[in-house]
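Below is one structure; the comments refer to it alone.
The values are calculated or read from the model by the stated rules, or taken from the named source; none is laboratory data. Predicted, not measured: the structure shown is a model, and the values here were computed from it. Please note: Cβ atoms are built from the backbone with ideal geometry, for glycine as well, and neighbour counts cover all protein chains shown. Surface accessibility is based on the protein's heavy atoms, side chains included, excluding ligands, DNA and RNA. Shrake-Rupley method; radii C 1.70, N 1.55, O 1.52, S 1.80 Å.
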Amino acid sequence: MLGRGGAGFPAGTKWGLMPAGKYPRYLVVNGDESEPGTYKDRLLMERDPHQLVEGCLIAAYAAGLSQVFLYIRGEMPLAHERVAVALNDAYAAGYVGKNILGTNFSVDIVLHWGAGAYVVGEETALIESLEGKRGEPRLKPPFFPAAIGLYGQPTIVNNVETLSNLPWLLVNGAQAFTAIGTATSPGTRMVAVSGHVVRPGVYEIVNGTTTFRDLLYGDEFCQGIRDGNELKAFVPGGGSAPWFTPEQLDLPFEGKLVGAAGSMLGSGAIMVMDHTTDIPTAALTLTRFYAAESCGQCTPCREGGTWLERVLQRVVDGRGTHADLAQMMEIGESICPGAFPHAASERLGLAATPFPYKMTTICFVGPSAYAPVHSALTLFRDEFEAKIVERRHIPVSIEAVGAH
Amino acid sequence: MSSYPWAAGYIDDGDRPKLVTSRFEHEDSYTLERYHATGGYAGLRAALGRTPAEVHDEVRGPPCWVVVVPGSPPAPSGA
Ligand SMILES: Cc1cc2nc3c(=O)[nH]c(=O)nc-3n(C[C@H](O)[C@H](O)[C@H](O)COP(=O)(O)O)c2cc1C
Ligand code: SF4
């Protein structure tokens, strides 16, 4: 069972990383889903809250966790209400609390409501937030939550979808689970498709074998690009992921292959851009989000994200220069030194640069502000050049301003 | 086409395995009654009938499944 929160880390392995003999141990459920394009966990919480509660109980039993903290994004009131009712019912029916179903297994589940910060989806920021502090990511290593987490105790942080898979897995067995998908990407996964497809939505797809082409063009899925348009680019794994073009359509949902091709599966959000998309503007939309969501701890993220947004805005407005393009790459280098992942392009004669990247920041928000700029500039530089050469706005000189 | 007004955005066309969305077709999928009627809490009962270590192994799978593949993304879901 690979984690579905973004990193794809195997859940059972993570549970095994807690130091032996150290108790109490906690489970923190990451229901803070805020990655641009992602809206699958919300559906799982709203439509099947008992499945999540049962998944928490199974994880708690297997890993010896005595208390569960369910952290739900603040802007999801229906999810909060449904999970709260489900918890009350589950307590009343003896599934949660003391001596569950007559055994000596006891667990309490606490519900917590987020306050609207994207970065709190990062597991250590979420722990800080639960502790009542500002939601800022912790430096790690040295300490990962499994070793030192909530209130200094061993803590497992798992995603809503990861835990929601456990009831099925326990009823049907690991063999049935791995019979679906591939050996390295077993089971199914939820994907949220948005943008210029005929039928955007959330789909449960078979992991490892379903390709992006199946998903975007398949009759049972998105049924092609809207208005018969051409596909120009797509983001394969949430707003943080480097972009793909039609050349990568035949890749399956398989982390290793997508990583080698220069991106990641991340949170399972696919954002589709057809040929009418203004690429620099699309990149600006994403970069603006990450710049705004920086918690401010790391200079390269706090300053770099803001500068990227400002320079890109200038280019989009038609007031940019060629030096601005070079400067954006330079700013990006200060966040992610060295080669940054990108897709191959036959048109441009480019080979792919695979994951991962180096970073000078504590968490991935800084690199995420750079990812759209880097992808757009690497794969669609001609569109930036056009904005600079054609200039939709005439730059106002200092002299001209001074004349007024 | 299968979509449900009570599960806006979710589409379940096609004959694919449904591990986590099997109840979405029911309007009252979020209630304990529906959960019980569709096999709910059977996974917990199955787990409690075994030792924690056995349940852990079931989720972890044999060693070949736990290899963290090089080149796999470092984290973002948001990373
Ligand atoms: C900026 C940022 C935002 C994140 N947001 C989420 C989120 O909303 N939900 C989530 O499950 N994981 C999110 N993650 C990943 C978590 O840190 C963590 O890896 C995940 O919750 C672990 O669950 P899993 O092992 O079940 O995948 C985010 C990571 C980063 C860096
Ligand atoms: S990378 Fe940005 S959001 Fe993450 S810890 Fe540093 S400043 Fe905060």
- request: Filter the range A:21-42 down to residues that are outside any loop (DSSP other than H, G, I, E, B) and surrounded by 22 or more Cβ atoms within 10 Å (Cβ to Cβ) and give me whichever is nearest to ligand 1 (Cβ to nearest atom).
  value: A:Asn30
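Regarding A:Val316, is this residue among the β-branched types (Val, Ile, Thr) and surrounded by 19 or more Cβ atoms within 10 Å (Cβ to Cβ)? Let's see the steps before the verdict.
Working: among the β-branched types (Val, Ile, Thr): yes; surrounded by 19 or more Cβ atoms within 10 Å (Cβ to Cβ): yes.
Yes, satisfied.
Consider A:Leu139 carefully, then state whether it is under 24 Å from A:Ser267 (Cβ atoms), within 16 Å of ligand 2 (Cβ to nearest atom) and touching a strand residue (DSSP E or B) at 6+ places or on another chain (Cβ under 6 Å). Show your work before the answer.
Values: under 24 Å from A:Ser267 (Cβ atoms): yes; within 16 Å of ligand 2 (Cβ to nearest atom): yes; touching a strand residue (DSSP E or B) at 6+ places or on another chain (Cβ under 6 Å): no.
Spelling it out, it is not the case that A:Leu139 is under 24 Å from A:Ser267 (Cβ atoms), within 16 Å of ligand 2 (Cβ to nearest atom) and touching a strand residue (DSSP E or B) at 6+ places or on another chain (Cβ under 6 Å).
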- request: From A:Leu170, A:Leu126, grab the single residue that is away from ligand 2 (no atom under 16 Å from the Cβ) and touching a residue at least 40 places away in the same chain (Cβ under 8 Å).
  value: A:Leu170
- request: Scan the range A:81-101 residue by residue and report those that are more than 9 Å from chain B (Cβ to nearest Cβ) and open to solvent by 20 Å² or more (accessible area, probe 1.4 Å).
  value: A:Glu81, A:Ala84, A:Asn88, A:Tyr91, A:Gly94, A:Lys98, A:Asn99
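Please go through the range B:9-54 and pick out each residue that is of a type in the set (A, V, I, L, M) and part of a helix (DSSP H, G or I). Lay out the reasoning, then the answer.
Our first condition is that a residue be of a type in the set (A, V, I, L, M); within the range B:9-54, this holds for B:11, B:19-20, B:32, B:37, B:42, B:44, B:46-48, B:53.
If the condition is that a residue be of a type in the set (A, V, I, L, M) and part of a helix (DSSP H, G or I), then B:Leu32, B:Ala37, B:Ala42, B:Leu44, B:Ala46, B:Ala47, B:Leu48, B:Ala53 are the ones that fit.
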- prompt: Can you tell which of A:Arg347, A:Arg288, A:Arg302 is out of contact with any strand residue (DSSP E or B) (no Cβ under 6 Å at 6 or more places or on another chain), under 20 Å from A:Pro242 (Cα atoms), within 16 Å of ligand 1 (Cβ to nearest atom) and more than 14 Å from every other protein chain (Cβ to nearest Cβ)?
  reply: A:Arg288
Pair list, Cβ under 9 Å, 6 or more apart: the range A:380-392 residue in contact (Cβ under 8 Å) with a residue 40 or more places away in the chain, other residue β-branched (Val, Ile, Thr) and surrounded by fewer than 19 Cβ atoms within 10 Å (Cβ to Cβ): A:Ile388/A:Thr321
task: Need at least 2 residues that are within 16 Å of ligand 2 (Cβ to nearest atom) and not assigned by TED's automatic domain parsing to the domain that holds A:Glu333 per element, so show me which helices (runs of 4 or more DSSP H) inside the range A:210-313 make the cut, counting only ones lying wholly within it.
output: none
message: Checking the structure you have, find out if any residue of the range A:144-151 is within 21 Å of A:Pro24 (Cβ to Cβ), among the β-branched types (Val, Ile, Thr) and open to solvent by less than 20 Å² (accessible area, probe 1.4 Å).
response: no
message: Quick check on this structure: which one of A:Leu78, A:Leu70, A:Leu65, A:Leu111 is part of a helix (DSSP H, G or I) and either among the aliphatic types (A, V, I, L, M) or buried (at least 23 other Cβ atoms within 10 Å of the Cβ) (or both)?
response: A:Leu78
- prompt: Of the residues that make up the range A:320-341, is at least one more than 16 Å from ligand 2 (Cβ to nearest atom), under 22 Å from the mean Cα position of the chain (by Cα), within 14 Å of chain B (Cβ to nearest Cβ) and within 25 Å of A:Gly121 (Cα to Cα)?
  reply: yes
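Specify which of the listed residues (A:Gly12, A:Gly8, A:Gly16) is crowded, with 24+ Cβ neighbours inside 10 Å and within 8 Å of chain B (Cβ to nearest Cβ).
Working: A:Gly12 fails: crowded, with 24+ Cβ neighbours inside 10 Å; A:Gly16 fails: crowded, with 24+ Cβ neighbours inside 10 Å.
A:Gly8 is the lone residue from the list that is crowded, with 24+ Cβ neighbours inside 10 Å and within 8 Å of chain B (Cβ to nearest Cβ).
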